[in-house]
Amino acid sequence: MTIRRLPETLVNRIAAGEVIERPSAVVKELVENALDAGAGQIAVSLREGGCAYLCVSDDGGGMSPEELTLALERHATSKLPDDDLVHIDSLGFRGEALPSIGAVARVSLASRQAGASEAWSVSVEGGRMDQPKPVALGHGTRVEVRDLFFATPARLKFLKTARTEQGYVRDGVERLAMAHPNVAFTLSDEKKTVLNLESGGPELFDARRKRLSAILGREFGENCLPVEAVREKLRLEGLIGLPTYNRANAQQQFLFVNGRPVRDRLLLGAIRGAYQDFLARDRHPVVALFLELPPEEVDVNVHPAKAEVRFRDPGLVRGLIVSACRHALAEAGHRASTTVAGSALGSFRPGGAPPGGGGYRPAAPQGWHQPAAAGFAEGADSYHAPLPGLQAPPSGRQAEATAEAVAQEADSQPATVHEPAIPVDDYPLGAARAQLHETYVVAQTRDGIVIVDQHAAHERLVYERMKEEIAARGVARQALLIPEVVELDEAAAARVLARREELSELGLEVEGFGEGSLLVREVPALMGRLDVQGLIRDLADELAEMDQALSLREKLEEVCGTLACHGSVRAGRRLNTEEMNALLRQMEATPHSGQCNHGRPTYVELKLADIERLFGRR
């Protein structure tokens, strides 16, 4: 078969296929160009999800007539002033995205430089470009793309509905807007403005919080923790959600490297490692993290769409993320997300009506009857006798006699609760008032009540204490009577041996035993009888995927969690007032006590104002 040069138009279409997958890819490239041009306002408009028409306009630096034509040619850019492919401090190459788009669509590019007397426009259709001509336009650049993929109609068959494609566009714009909170963004379709984000102001952190709250919702703003850390040349900032504010998937984990949105396995693995103590494996935190480092320390060109990056020192990056996130989570103390209380209040309302809509009067229950048993457990502060007289209300002399009988009986019974020995205002979780169903501790706070799941709360306390002891004394080891040989391929064995010191700290002693074989001499005593062969193979796979020994750590933590569960106060155990208050005080002093080891809340706090709304008092 004879080798030949492909036509220029076909070369451009092949290149476009690497970058331009759908309308969202076009918008991403054009918005990145606008950001690189110093835009303060960026507007995106669509028709039919961007397939029929899309336009990106900005108020950035603009281009001259000569630069307009160059921008539509391949391998022409303003973003490599020193021809250095390593030191890249821009989001993309303006001369690369535009010719790719022009090869598969009809493109009109108009621009006006600051101080120029007029704007110029140039058009390209299927790779054929016309001459620049004057056009009416204010300061900045406007790129219009029509009939996307008209030159490659086969690609149209793989696009989804206009609504779905618009969703992809919105997601891409929101990610770039998160990374650049001082830039205003709008997104509109043929019917309405879909997204309108104002500039967040000069202060970066405040602007970032405001922008993230606008995109992720007010609840995220109320339930996030600030993250800020510096290590060597790396700087990490952002906001991470409380463990009790979690999701069923990782779609709301937003990661940025030098202002570029990325989906990187190393970064995702670091977040998983940071939260592995606090969430079940099928739950995921909500985070937005922004990593800044010198351009020469990261390669952004390992993926055609720059969605992945490669770090020169991945261990340093992962360590920074894990330690910074864990420090922020520790600083949160016993705090749980506000959504816990909101969910609890919603369960009291018909149809889960949101709070704030005014009080309602529940319908009278049918079949009023006297309760068969008391509701509180026994104890000085937990006895509650059933109130008599829950039948239909009497009238006249009968009503007066009933009221007098109820008052006399109430005076003769033990009090439902006693005043706590400590002032309510002194502690965040208040003072214990009662125990319900021998499982839940009810405490009164300054402005509400707290309901604590005694087993879940104490389980977290025991677990944290076990972790402290392991950190102080190390993991207890158990020597194998007969060392076990595990056979792997050479690459897998090398990966495990490279992390030998880290595994030793976790109680696992391995050494080389010929090519592709490992000898295991000691295992963590906590794990008891275990499948050594399966453990080592899992570790090798984990190291290949995430470059971290998660399997062993998670197995150890799972064992610790099981031991903590069995060693904690069980549901069904009666607690006296002193024990309940001691539990509350320990929770206040223990990090992460707002959630159990699986991310479920250990307590629910209900504000008095919300409770009063439930009963129509507000």
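The values are calculated or read from the model by the stated rules, or taken from the named source; none is laboratory data. Just so we're clear, the structure is a prediction, and the values are computed from it rather than from any experiment. Positions of Cβ are backbone-derived with ideal geometry, glycine not excepted, and every protein chain shown enters the neighbour counts.
Please go through (1) of a type in the set (S, T, N, Q); (2) surrounded by fewer than 20 Cβ atoms within 10 Å (Cβ to Cβ); (3) closer than 16 Å to ALA114 by Cα for THR69 and return the number of the only condition it doesn't satisfy.
(3)
In this structure, does GLY474 turn out to be loosely packed, with under 15 Cβ neighbours inside 10 Å, under 22 Å from LEU530 (Cβ atoms) and free of Cβ contacts under 8 Å to residues at least 24 places away in the same chain?
Details: loosely packed, with under 15 Cβ neighbours inside 10 Å: yes; under 22 Å from LEU530 (Cβ atoms): yes; free of Cβ contacts under 8 Å to residues at least 24 places away in the same chain: no.
So GLY474 fails the test.
If a residue has to be at positive phi and either in contact (Cβ under 8 Å) with a residue 60 or more places away in the chain or not assigned by TED's automatic domain parsing to the domain that holds PRO314 (or both) to count, how many in the stretch 218-247 make the cut? Give the derivation first.
Initially, the stretch 218-247 is screened for residues at positive phi, giving 232, 238.
From what's left, either in contact (Cβ under 8 Å) with a residue 60 or more places away in the chain or not assigned by TED's automatic domain parsing to the domain that holds PRO314 (or both): 232.
Number of matching residues: 1.
Please go through the stretch 12-28 and give me each residue that is hydrophobic (A, V, I, L, M, F, W, C), touching a helix residue (DSSP H, G or I) at 6+ places or on another chain (Cβ under 6 Å) and either surrounded by 24 or more Cβ atoms within 10 Å (Cβ to Cβ) or modelled with pLDDT of 75 or more (or both), ordered by number.
Going residue by residue through the stretch 12-28, those that are hydrophobic (A, V, I, L, M, F, W, C) are 14-16, 19-20, 25-27.
Still in the list and also touching a helix residue (DSSP H, G or I) at 6+ places or on another chain (Cβ under 6 Å): 15-16, 19-20, 26-27.
Correct list: ALA16, ILE20, VAL26, VAL27.
State yes or no: is ALA250 touching a His at 6+ places or on another chain (Cβ under 9 Å) and outside the structural domain of VAL173 (by TED's automatic domain parsing)? Break it down into steps so the answer makes sense when it comes.
Working: touching a His at 6+ places or on another chain (Cβ under 9 Å): yes; outside the structural domain of VAL173 (by TED's automatic domain parsing): yes.
Yes, satisfied.
For the stretch 201-227, what are the residues that are closer than 30 Å to PRO294 by Cβ and surrounded by 14 or more Cβ atoms within 10 Å (Cβ to Cβ)?
Looking only at the stretch 201-227, we keep the residues that are closer than 30 Å to PRO294 by Cβ, and these are 201-212, 215-216, 224-227.
Scanning the stretch 201-227 gives PHE205, ALA207, ARG208, ARG209, LYS210, ARG211, LEU212, ILE215, LEU216, CYS224, LEU225, VAL227.
What number of residues in the stretch 281-299 are farther than 30 Å from HIS598 by Cβ, surrounded by fewer than 20 Cβ atoms within 10 Å (Cβ to Cβ) and modelled with pLDDT under 90? So that I can check it myself, show each step before the final result.
To start, the set of residues in the stretch 281-299 that are farther than 30 Å from HIS598 by Cβ comprises 292-299.
Still in the list and also surrounded by fewer than 20 Cβ atoms within 10 Å (Cβ to Cβ): 292, 294-297, 299.
Pick out the ones that are also modelled with pLDDT under 90 and you get 295-297, 299.
Residues meeting the conditions: 4.
Being under 16 Å from ILE611 (Cβ atoms) and polar (S, T, N, Q) is the filter here, so list the residues in the stretch 427-459 that pass it.
Hits for the stretch 427-459 are GLN444, THR445.
When you look at LEU268, is it buried (at least 16 other Cβ atoms within 10 Å of the Cβ) and either modelled with pLDDT of 90 or more or over 15 Å from the mean Cα position of the chain (by Cα) (or both), yes or no? Break it down into steps so the answer makes sense when it comes.
Values: buried (at least 16 other Cβ atoms within 10 Å of the Cβ): yes; either modelled with pLDDT of 90 or more or over 15 Å from the mean Cα position of the chain (by Cα) (or both): no.
No, not satisfied.
Being of a type in the set (D, E, K, R) and under 36 Å from the mean Cα position of the chain (by Cα) is the filter; apply it to the stretch 499-513 and report the residue that is surrounded by the fewest Cβ atoms within 10 Å (Cβ to Cβ).
Ranking the qualifying residues of the stretch 499-513, first place goes to GLU501.
Please report, ordered by residue number, the strands (runs of 3 or more DSSP E) entirely within the stretch 174-279 with at least 2 residues that are farther than 17 Å from VAL317 by Cβ. Working first, answer last.
Working: elements: 184-188, 193-197, 224-231, 234-241, 253-257, 260-262.
Fully inside the stretch 174-279 and qualifying: 184-188, 193-197, 224-231, 234-241.
For (1) modelled with pLDDT under 90; (2) within 18 Å of TYR168 (Cβ to Cβ); (3) basic (Lys, Arg), each residue gets a yes or a no:
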site	(1), (2), (3)
ARG4	yes, no, yes
LEU10	yes, no, no
LEU30	no, yes, no
ILE42	no, yes, no
ARG47	no, yes, yes
VAL56	no, yes, no
LEU72	yes, no, no
ARG94	yes, no, yes
ALA97	yes, yes, no
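With the requirement that a residue be more than 29 Å from the chain's Cα centre (by Cα), within 30 Å of LYS157 (Cα to Cα) and not hydrophobic (A, V, I, L, M, F, W, C), what does the stretch 19-74 give you?
Selection gives ARG47, GLU48, TYR53, SER57, GLU73, ARG74.
What number of residues within the stretch 112-145 are in a loop (DSSP other than H, G, I, E, B) and within 42 Å of the chain's Cα centre (by Cα)?
From the stretch 112-145, those in a loop (DSSP other than H, G, I, E, B) are 113-118, 126-127, 130-132, 136-139; that's our starting set.
Filter again for within 42 Å of the chain's Cα centre (by Cα), leaving 113-114, 126-127, 137-139.
Residues that pass the stated criteria total 7.
Those residues that are surrounded by 22 or more Cβ atoms within 10 Å (Cβ to Cβ), closer than 17 Å to ARG465 by Cβ and at pLDDT below 90, I need them from the stretch 570-601; list them, please.
Of everything in the stretch 570-601, those that are surrounded by 22 or more Cβ atoms within 10 Å (Cβ to Cβ), closer than 17 Å to ARG465 by Cβ and at pLDDT below 90 turn out to be HIS592, SER593, GLY594, GLN595, CYS596, ASN597.
Can you name the condition, by its number, that ALA250 falls short on among (1) within 19 Å of the chain's Cα centre (by Cα); (2) surrounded by 21 or more Cβ atoms within 10 Å (Cβ to Cβ)?
Evaluating ALA250 over (1) within 19 Å of the chain's Cα centre (by Cα); (2) surrounded by 21 or more Cβ atoms within 10 Å (Cβ to Cβ) leaves (2) as the failure.
Quick one: count up the residues across the stretch 180-213 that are under 19 Å from the mean Cα position of the chain (by Cα) and under 13 Å from LEU239 (Cβ atoms).
Kept after step one, since they are under 19 Å from the mean Cα position of the chain (by Cα), are these residues of the stretch 180-213: 180-181, 205-213.
Remaining after also requiring under 13 Å from LEU239 (Cβ atoms): 181, 205-213.
Of the residues in the stretch 180-213, 10 are under 19 Å from the mean Cα position of the chain (by Cα) and under 13 Å from LEU239 (Cβ atoms).
In this structure, does VAL510 turn out to be within 25 Å of GLN276 (Cβ to Cβ) and either among the polar types (S, T, N, Q) or in contact (Cβ under 8 Å) with a residue 60 or more places away in the chain (or both)?
Values: within 25 Å of GLN276 (Cβ to Cβ): yes; either among the polar types (S, T, N, Q) or in contact (Cβ under 8 Å) with a residue 60 or more places away in the chain (or both): no.
In short, no.
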